[in-house]
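In what follows, a single structure is set out as structure tokens and then discussed.
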Amino acid sequence: MNITQRQAEISELLRQEAFLTIEMLAERFGVTTQTVRRDVNVLCDLGFARRRHGGIAPLTTEGNLAYASRQLLNRSGKIYLAQEVARHIPNNSTLSIGIGTTPEVVASALLEHKGLRIYTNSFTSKQCS
């Protein structure tokens, strides 16, 4: 999923607030209201939020959040963690990675490593050189 850092931060703000205005988001991020509306459209199209008059509101969910929604939660923290993990894994290592949104970001951070052997219980895969 390709979303911008700002879109991920808006999604995270929606977990804390019941309603965010377009104007408040434009001011917070130092962008135009048109830019925020484009971000809101992306988040709504992906099913992470819904448009409300003058702003955006979170979708109400019962039970577990969808995987795509969890990918956005604390995105900046996951990226930071993944970079730190990747920094400590040397080339030609063998490791095991579980399933989940954080391990997915860690796996992506390891794509530039050489000669890794990765074991996982996930059915999706990416080829490392």
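The values are calculated or read from the model by the stated rules, or taken from the named source; none is laboratory data. This structure is a prediction, so every number in the text was calculated from the model and none was measured. Heads up, the Cβs are rebuilt from the backbone with ideal geometry, glycines too, and the neighbour counts pull from every protein chain shown.
Per-structure values
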| item | result |
| --- | --- |
| Identity of the residue in region 21-32, part of a helix (DSSP H, G or I) and among the aliphatic types (A, V, I, L, M), that ends up surrounded by the fewest Cβ atoms within 10 Å (Cβ to Cβ) | Met24 |
| Residue that is modelled with the highest pLDDT, among those in region 96-120 that are farther than 19 Å from Ala68 by Cα and polar (S, T, N, Q) | Ser96 |
| Conditions (1) surrounded by 15 or more Cβ atoms within 10 Å (Cβ to Cβ); (2) in contact (Cβ under 8 Å) with a residue 24 or more places away in the chain; (3) among the aliphatic types (A, V, I, L, M); number of the one not met by Ala18 | (1) |
| Strands (runs of 3 or more DSSP E) lying entirely in region 33-115 (those with 2 or more residues that are surrounded by fewer than 14 Cβ atoms within 10 Å (Cβ to Cβ) and either more than 20 Å from the chain's Cα centre (by Cα) or not assigned by TED's automatic domain parsing to the domain that holds Ile22 (or both)) | 94-97 |
